[in-house]
Amino acid sequence: MGCLRCGQGEAGLTPGWTKRVVTVQGGPDGGPLVRTEGSHTTIWCNVTGYKEGMEQDFEWSMYLPSVPDREIRIVSTGQPNYAYAIFAQRVNSKEIWVERLSADAALLHITKLEAKDQGVFECYTPNTDGQFLGSYSARTNLTAEVAEVGPSVPGQTLLLHTLPHPQPHPAGQPVGTRLANHRLRADPLLSTHQSREASYSPS
């Protein structure tokens, strides 16, 4: 492994400095970030190898799958009006914001993830060293998945809406019993509800 802190410097690197490295959650070795729509989503970013004593700023942008080469600016720790129009309202309302964890680390917050937030997110750290060496940004892929809904019971809505309103029925058969028998024949998975539904009769 090459020396990252060499006394003679490297390619113009001032002695005592290291190459700048930006790391983002779920970067090239961490795989894509998969989150649920509507969830509070966070992505951390940190930088190393910069001149000590200098607080680092963080600028977040994204690239949509439909236009992967077009940068869309989201939020910055150093520029209050950094966001493009598509994100400006959500940034101004603090739905999207950046939490500074330390002088060289920050956390992007998306308090309510939307489907349109899916894409490549980039964390960029402006140069504070007076010379350029190393990396100044890192990217991660964010996927927004639809929240899973528990399995519904076929016909349940019909039963709940029909039972409070008795309807005419043939041969004197109570409407509740008729509906229950129909439900049980149509859906054998409802066997756990047989006793409760079959015993129902309108008052």
Least to most buried among SER61, SER135, SER93 (fewest other Cβ within 10 Å first): SER93, SER135, SER61
Order by protection proxy (mean Cβ within 10 Å, highest first), peptides 42-48, 23-29: 42-48, 23-29
Kirkwood-Stokes translational diffusion coefficient of the stretch 58-123, alpha-carbon pairs, 20 °C, 1.002 mPa s, µm²/s: 176
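Can you pull out the chymotrypsin sites (Phe, Trp or Tyr not before Pro) in the stretch 84-141 that DSSP calls coil and that have at most 14 other Cβ atoms within 10 Å?
Working: sites: TYR84, PHE87, TRP97, PHE121, TYR124, PHE132, TYR136; in loops: TYR84, PHE132, TYR136.
Sparse-neighbourhood loop chymotrypsin sites (Phe, Trp or Tyr not before Pro): TYR84, PHE132.
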Contour minus Cα-Cα distance for THR143 and LEU101 (0.36 nm per residue): 12.7 nm
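Once fully extended, how much extra length lies between HIS40 and LYS116, figured as 0.36 nm per residue of separation less the alpha-carbon to alpha-carbon distance?
25.9 nm
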Counted charge near MET54, where neighbours are those whose Cβ lies closer than 13 Å (Asp, Glu -1; Lys, Arg +1): -3
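How big is D, in µm² s⁻¹, for the stretch 21-145 by Stokes-Einstein at 4 °C and 1.567 mPa s if Rh is the Kirkwood radius over C-alpha pairs?
Details: Rh = 14.7 Å.
Rounded to a whole number, D works out at 88 µm²/s.
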Whichever lysines have a C-alpha closer than 19 Å to that of LYS112, once near sequence neighbours (fewer than 8 apart) are set aside: LYS94
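If we count other beta carbons within 10 Å of each Cβ, what is the order of ASP129, ASP104, fewest first? Present the calculation step by step, with values, prior to reporting the outcome.
Details: ASP129 15, ASP104 19.
The most exposed by this proxy come first: ASP129, ASP104.
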Segment SER66-GLU52, extension gain: residue separation times 0.36 nm, minus the distance between their alpha carbons: 1.1 nm
Candidate aspartates and glutamates for bridging to LYS51, where Cα separation is under 14 Å - those fewer than 8 sequence places away on the same chain excluded: ASP104, ASP129
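Just so you know, all these numbers are worked out from the coordinates, no wet-lab data involved. All of these numbers come straight from a predicted model, not from anything done at the bench. Please note: Cβ atoms are built from the backbone with ideal geometry, for glycine as well, and neighbour counts cover all protein chains shown.
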